[in-house]
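Inspection log for the structure reproduced underneath, given as structure tokens.
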Amino acid sequence: HRHLLGIEQLSAADITAILDLSEDYVALNRRRDKHLDRLRGLTQINLFFEASTRTQASFELAGKRLGADVMNMSVSSSSMRKGETLIDTAVTLNAMHPDLLVVRHGASGAVALLAQKVNCAVLNAGDGRHEHPTQALLDALTIRRHKGRLSRLTVAICGDIANSRVARSNILCLNAMENRVRVIAPPTLLPSGIERFGVEVFTEMEAGLADCDVVMMLRIQNERLEGTALPSRREFFHRYGLTAEKLALARPDAIVMHPGPMNRGVEIDPTVADDIDRSVIQQQVEMGVAVRMAVLDLLARSHGAAA
Ligand code: CP
């Protein structure tokens, strides 16, 4: 592949190959010397038009640990503040000969559009409500490590499905690997036609969590909720917030996931989020660096082969 724009473009074999390579990088990242020269001489630009902690920091560390020259740009410091368009910004950066361009943008499809205008490999770090492929891959690696497999599992994805690129990429990834995927949300946070994605739909946590192997909570996307009729935060927590009582309905060995950043006390009870026997949230972050090293490495290799 030339770019990583979404899970939609990946086969089950592609996903397995990425996760297998990521395992090497998990081991490297736990060493004192975390440095390799795989991307030596290459330039990576991280272009973020939306806020990020995990994704931006882990893409930066991933590139640096592989020896690339990494530059971070965020909208607050770019000339888009002066009215420059996304495409002009992309074409300008392209003229500086980057090899890898990591992009987050608030509009669905913006990263794919940008990929058509540049000569380098483009990695989608989240585009609107569309996809967040490296998040789904790091979630898949976390699940595989805990469950010993990435198939025949029942996974419940809960909360703000309608506005979540994390949900969409995870549904595509988990279905490609032949799992049973459920979504649990109030009707106002379910996109119309979600059944087409091959998921079982629930509007109550109690029914949806029964016998799940994995409980994946989502962040309420406050920045994308304008115009949505929503219950109060308190009422949302009461019905859809993950508490120890609700988690008891899932399998006894079910793991709890959250992509971050968390709204504690809204979609997840802090005691569940911090329960190290059930919550794998910090491990998701660790896997994020390794998965991003793997995709940077693979794209740099295929780009080099094409050049
Ligand atoms: N999960 C995730 O994308 O987090 P950031 O917004 O902090 O990158």
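The values are calculated or read from the model by the stated rules, or taken from the named source; none is laboratory data. Everything quoted here is computed from the prediction, not taken from an experiment. Reconstructed Cβ throughout: ideal geometry from the backbone, glycine too, with neighbour counts over all protein chains shown. Note: accessible area is taken over every heavy atom of the protein model, side chains too, but ligands, DNA and RNA are not part of it. Shrake-Rupley method; radii C 1.70, N 1.55, O 1.52, S 1.80 Å.
Tabulated values for the structure
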quantity	calculated
Of all residues in segment 111-131 being touching a Gly at 6+ places or on another chain (Cβ under 7 Å) and open to solvent by less than 10 Å² (accessible area, probe 1.4 Å), the one that is nearest to SER279 (Cα to Cα)	GLU131
Residue ID - farthest from ARG104 (Cα to Cα), chosen from residues in segment 57-84 that are buried (at least 21 other Cβ atoms within 10 Å of the Cβ) and within 14 Å of the ligand (Cβ to nearest atom)	ALA62
Output for segment 217-240, where each listed residue is among the polar types (S, T, N, Q) and either open to solvent by 40 Å² or more (accessible area, probe 1.4 Å) or not in a loop (DSSP other than H, G, I, E, B) (or both)	ASN222, THR228, SER232
Only listed residue being farther than 23 Å from ARG2 by Cα and either of a type in the set (A, V, I, L, M, F, W, C) or within 16 Å of the ligand (Cβ to nearest atom) (or both), chosen from GLY193, GLY126, GLY159	GLY159
Helices (runs of 4 or more DSSP H) wholly inside segment 1-95 that include at least 1 residues being in contact with a Cys (Cβ under 9 Å, 6 or more places away or on another chain)	12-29, 86-94
Residue within segment 151-165 that is assigned to a helix (DSSP H, G or I) and in contact with a Leu (Cβ under 9 Å, 6 or more places away or on another chain) present	no
Within segment 196-222, tally of residues that are under 14 Å from THR154 (Cα atoms), more than 17 Å from the chain's Cα centre (by Cα) and within 16 Å of the ligand (Cβ to nearest atom)	0
Residue in segment 148-165 that is at pLDDT 95 or above, among the small types (Gly, Ala, Ser), surrounded by fewer than 21 Cβ atoms within 10 Å (Cβ to Cβ) and closer than 20 Å to THR16 by Cα present	yes
Top-ranked residue in segment 241-262 [being closer than 27 Å to ALA107 by Cα and crowded, with 20+ Cβ neighbours inside 10 Å; ranked as nearest to the ligand (Cβ to nearest atom)]	PRO259
Odd one out for ALA140, checked against (1) open to solvent by less than 10 Å² (accessible area, probe 1.4 Å); (2) part of a strand (DSSP E or B); (3) not basic (Lys, Arg)	(2)
Of all residues making up segment 12-56, the number that are open to solvent by 50 Å² or more (accessible area, probe 1.4 Å) and within 13 Å of the ligand (Cβ to nearest atom)	3
The one condition in (1) within 16 Å of the ligand (Cβ to nearest atom); (2) acidic (Asp, Glu); (3) farther than 22 Å from GLY106 by Cβ that GLU178 fails to fulfil	(1)
Qualifying positions in segment 176-204 - in contact with a strand residue (DSSP E or B) (Cβ under 9 Å, 6 or more places away or on another chain) and buried (at least 17 other Cβ atoms within 10 Å of the Cβ)	ASN179, ARG180, VAL181, ARG182, VAL183, ILE184, ALA185, LEU190, ILE194, VAL199, PHE202
Residue within segment 275-287 that is part of a loop (DSSP other than H, G, I, E, B), within 15 Å of the ligand (Cβ to nearest atom) and open to solvent by 10 Å² or more (accessible area, probe 1.4 Å) present	no
